[in-house]
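*Asks:* Can you read through this structure? Questions will come right after.
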Amino acid sequence: MNLQDIQAFVAVAETGSVNRAALRLNLTQPAVTRRIQSFEAALGDGLVFDRTVKPAILTAAGRHVLEHCRRVLSAVAELESCALSAADPSGELRIGVAHGLGEMVLTTPLDAIRRKFPRIRLQVSSNWSAGLIGDLRGGSLDCAIGLLTEAHNIPVGLAASPLGAEQVVIVSASRTPTRRDGTPWRLRELAGESWYLNPPGCGCRAALGRALDRQQVPLTIAAEIFGEDLQLSLIAHAGGLGLVPARLFAHSPHRHGLQILEVADFVVPATVSLIRSALPGRFDPAITLLVDELRAKLSLSDKT
């Protein structure tokens, strides 16, 4: 088994086709096919692709092999980087960003990396925070920016750097921030309201669902929509309730006419965090810069 065969296997597994893998590797399709055949032959009887379906997909064994191959390629990249200046890393830096945090990350922080490290190519993808943690464990990301709650576990081998505290709040267009006597609302008193929420997979939505279940209060969904700004717009026009990070609400153009509700039995503290491998890596200078830029941006946001 050689490194080129491993690269071909990872490319086909990640892109889903020989054609797209060939484009990624700048090879012909027959060349990629030969490398895949060589890779499978080196594994003996281990089948990594299920070819009874079109397009072929990874078998359970194939997914296991993919995780190991990603680690091999990562280790080789780290070894190659030893010959280069640690202050001038190069290659493809794969960054994951949690849904809802894109605007914060995809502006000045990434611009700073491009200016200081011109030999780095940025590849950015989006997912829920739990999915990003899984991608980091599998080796398909180098770092990720997530919104972590107490429900998220950081596995052994990964490390999380807190960037800024965040509070997830319930907002409404029709209710006052507190009850008439000035005391906070209770979740049970919100029964009957319709909610505008992110689709399943969102950690904050899951926390709300668990809290309502404990109170035996049904969760009535008005709409499942990606993007808190659109949710806030709909709440402002149609009523109902939403669940958003307080920082995002404070800067939303739809915040006027909406109220943050004080709810005594529902608190979801969260932390915007950068998650990465706990081991040193070739992109450490760039990731450190990203951490500094994000902390500065979150600090400035808190003051405005």
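The values are calculated or read from the model by the stated rules, or taken from the named source; none is laboratory data. It should be emphasised that the depicted structure is a prediction, and the values quoted were computed from it without experimental measurement. For neighbour counting, all protein chains shown are included, and Cβ atoms are generated from backbone atoms with ideal geometry for every residue, glycine included. Keep in mind that these areas ignore ligands, DNA and RNA; they rest on the heavy atoms of the full protein, side chains included. Shrake-Rupley method; radii C 1.70, N 1.55, O 1.52, S 1.80 Å.
*Asks:* SER252: modelled with pLDDT of 90 or more and open to solvent by less than 60 Å² (accessible area, probe 1.4 Å), yes or no?
*Replies:* Against the criterion (modelled with pLDDT of 90 or more and open to solvent by less than 60 Å² (accessible area, probe 1.4 Å)), SER252 does not qualify.
*Asks:* Then there is this: With the requirement that a residue be assigned to a loop (DSSP other than H, G, I, E, B) and either under 31 Å from the mean Cα position of the chain (by Cα) or at pLDDT 90 or above (or both), what does segment 28-54 give you?
*Replies:* THR28, LEU47, VAL48, ARG51, VAL53, LYS54 - these are the residues of segment 28-54 that are assigned to a loop (DSSP other than H, G, I, E, B) and either under 31 Å from the mean Cα position of the chain (by Cα) or at pLDDT 90 or above (or both).
*Asks:* Tell me whether segment 166-185 contains one or more residues that are under 23 Å from LEU289 (Cβ atoms) and within 19 Å of the chain's Cα centre (by Cα).
*Replies:* So the first thing to find is which residues in segment 166-185 are under 23 Å from LEU289 (Cβ atoms), and the list is 166.
Among the residues that remain, those that are also within 19 Å of the chain's Cα centre (by Cα) are: 166.
Taking every residue of segment 166-185 in turn, at least one turns out to be under 23 Å from LEU289 (Cβ atoms) and within 19 Å of the chain's Cα centre (by Cα).
*Asks:* Tally time: how many residues in segment 218-229 are of a type outside the set (Asp, Glu), modelled with pLDDT of 90 or more and surrounded by fewer than 17 Cβ atoms within 10 Å (Cβ to Cβ)?
*Replies:* Count: 5.
*Asks:* Restricting to segment 7-27, give me the number of residues that are open to solvent by 70 Å² or more (accessible area, probe 1.4 Å) and not in a helix (DSSP H, G or I).
*Replies:* 1
Yes/no matrix, rows are residues, columns are (1) farther than 18 Å from LEU289 by Cα; (2) modelled with pLDDT of 90 or more; (3) open to solvent by 60 Å² or more (accessible area, probe 1.4 Å); (4) among the aliphatic types (A, V, I, L, M):
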position	(1), (2), (3), (4)
GLU78	yes, no, no, no
LEU84	yes, no, yes, yes
ALA87	no, no, yes, yes
SER90	no, no, no, no
LEU101	no, no, no, yes
LEU106	no, no, yes, yes
ARG115	no, yes, yes, no
LEU136	yes, no, no, yes
CYS143	no, yes, no, no
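*Asks:* Turning to a different aspect of this structure: Where residues in segment 111-154 are in contact (Cβ under 8 Å) with a residue 60 or more places away in the chain and assigned to a loop (DSSP other than H, G, I, E, B), which of them is farthest from CYS202 (Cα to Cα)?
*Replies:* PHE117
*Asks:* Can you name the helices (runs of 4 or more DSSP H) wholly within segment 177-269 that have at least 1 residues being among the acidic types (Asp, Glu)? Spell out how you get there, then give the answer.
*Replies:* Numbers: elements: 203-215, 228-238, 246-250.
Of the helices (runs of 4 or more DSSP H) lying wholly inside segment 177-269, those with at least 1 residues that are among the acidic types (Asp, Glu) span 203-215, 228-238.
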